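Student: I have a structure I would like to understand better, so I am pasting it below and will then ask my questions one at a time.
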Amino acid sequence: MPACNEHAPADMNQVGEQTIRINLGQLGLNKTQRFREIKHANLLPDAVLNQLGPIADAGQPFNTTDVVDPGLPMRQLVVAGVSEEYCALSFWHGGMTLGFQTNIFELSNGDARLIWISIGQGGSDLRSLKQMIESGRMHNDLRKVLR
């Protein structure tokens, strides 16, 4: 199965990103995957970006309220990790209230299927995202969001 992240440089160490193994068992997936840290939103898989829409890099401006500047995205990346089969990312999103969220997508054949949403939970870096995923403390709000 080809990697879904077509934009990532072949040598991730060359651009300073790290890799880390994350056990996905607490998400109901009997897998451990090696995730590459993604520091720039434009390096996320295209299929994920198609679902999220524009997303600012960490520290870059974005719309934090419902007073929208059309030149800015509604989301700001905090941390992301991409493996051969999954993309996990924590981000801020603007709107009526500023929110923090983690989404996990299953990647396959150029598609991304949202399998996990955790509102208000996630990580500030790849290691803390790993800890949240492996701890079992991160709840899945996917059904609430899809209602």
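Laboratory data are not the source of any read-out in this text; all were calculated from the coordinates shown. A quick note: this is a predicted structure, and the numbers were derived from the prediction, not measured. Positions of Cβ are backbone-derived with ideal geometry, glycine not excepted, and every protein chain shown enters the neighbour counts.
Student: Counting Lys and Arg as +1 and Asp and Glu as -1, each charge on the Cβ, what is the dipole of the chain about the Cα centre in debye, to the nearest 20?
Tutor: The dipole of the chain has a size of about 540 debye.
Student: Is it possible to state the helix-based mean residue ellipticity at 222 nm for the chain, with each DSSP H run of 4+ residues giving -39500 (n - 2.57), the sum divided by total residues, to the nearest 500 deg cm²/dmol? What is it?
Tutor: On the way: 3 runs with 22 residues, N = 147.
Value at 222 nm, helices only, nearest 500: -4000 deg cm²/dmol.
Student: So how do Leu89, Leu24 line up by other beta-carbon neighbours within 10 Å, fewest first?
Tutor: The fewest-first ordering by Cβ neighbours comes to Leu24, Leu89.
Student: Still on this structure, please answer the following. Need the list of lysines near Lys31 for cross-linking: C-alpha distance under 25 angstrom, and skip anything on the same chain fewer than eight residues off.
Tutor: Partners found: Lys39, Lys130.
Student: Once you order the gyration tensor axes a ≥ b ≥ c over the Cα atoms, which shape class does the chain get: rounded for a/c under 1.5, otherwise prolate or oblate by comparing a/b with b/c?
Tutor: Oblate.
Student: Give me the net charge of Ser108's neighbourhood, meaning all other residues with Cβ under 12 Å from the Cβ of Ser108; Lys, Arg count +1, Asp, Glu -1.
Tutor: Around Ser108, the charge tally is -3.
Student: Stretched out fully, how many nm does the piece from Ile119 to Val67 gain, at 0.36 nm a residue minus the Cα gap?
Tutor: Difference between extended and current length: 16.5 nm.
Student: I'd like the distance separating the alpha-carbon centroids of segment 51-121 and segment 125-144, in whole Å.
Tutor: So the separation of the two Cα centres works out to 15 Å.
Student: Taking neighbour counts of Cβ atoms within 10 Å as a proxy for exposure, in what order, fewest first, do Leu142, Leu27 appear?
Tutor: So the ranking, lowest neighbour count to highest, is Leu142, Leu27.
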